[in-house]
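One structure is given here, and the rest of the page talks about it.
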């Protein structure tokens, strides 16, 4: 989603609050709770959950390992839920032609540097670069090519569902900034 007035353009970037992250966090938490309950059931030698039988599992070593995997999965799930809660990676890209400034804002993890705000001069922008890798793990990223600096990523890897969406976004931005597109 983007918003554009005559000389100002704002492109919003989605962060960690995506359906895929919710699904992975829920699946991971469910599996971790299952492993922990089976490991704890093997210690007590009593089934805590009726459909997860632990009668044939000895606590040492299988039950202990399952309990450890459950605890590890719980920590990873907790990390995912925290990134979703804080919406890490969300923000916006703001192009202000009147002031001649390109601002990149992202939310990070809580702490001193939670708000990430970087300013660039629009006159230093050379081109919009598209990086496309098709295959099992497809990758579609838009970059701003800067003079004498590293390329600045404008989007997340999985943000564009189709190549056409990415090309449309790149064309609109290049038209607004009156620069060329590379990598088509």
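The values are calculated or read from the model by the stated rules, or taken from the named source; none is laboratory data. What you are looking at is a predicted structure, and each value in this text was computed from that prediction instead of being measured. Positions of Cβ are backbone-derived with ideal geometry, glycine not excepted, and every protein chain shown enters the neighbour counts.
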In segment 24-58, what residues are in contact (Cβ under 8 Å) with a residue 24 or more places away in the chain and more than 16 Å from residue 74 (Cβ to Cβ)? 42, 43
Flagged in segment 154-170 as touching a strand residue (DSSP E or B) at 6+ places or on another chain (Cβ under 8 Å) and closer than 21 Å to residue 8 by Cβ, in numbering order, are 154, 155, 169, 170
Sole exception among (1) over 21 Å from residue 43 (Cα atoms); (2) in a helix (DSSP H, G or I) for residue 63, by number: (1)
Got at least one residue in segment 152-164 being modelled with pLDDT under 90, surrounded by fewer than 17 Cβ atoms within 10 Å (Cβ to Cβ) and part of a helix (DSSP H, G or I)? yes
Cβ-Cβ distance below 7 Å, separation of 6 or more or different chains: which pairs start in segment 169-184 with a residue that is touching a residue at least 60 places away in the same chain (Cβ under 8 Å) and end on one that is part of a helix (DSSP H, G or I)? 177/122
Considering only residues that are in contact with a helix residue (DSSP H, G or I) (Cβ under 7 Å, 6 or more places away or on another chain) and closer than 16 Å to residue 104 by Cβ, which ones fall in segment 123-146? 125, 128, 142, 146
Test: residue 46 is part of a loop (DSSP other than H, G, I, E, B) and outside the structural domain of residue 82 (by TED's automatic domain parsing): no
Is it the case that segment 106-128 has a residue that's under 18 Å from the mean Cα position of the chain (by Cα) and under 25 Å from residue 164 (Cα atoms)? no
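Answer with yes or no whether residue 88 is within 20 Å of residue 18 (Cα to Cα) and surrounded by 12 or more Cβ atoms within 10 Å (Cβ to Cβ).
Details: within 20 Å of residue 18 (Cα to Cα): yes; surrounded by 12 or more Cβ atoms within 10 Å (Cβ to Cβ): yes.
Yes.
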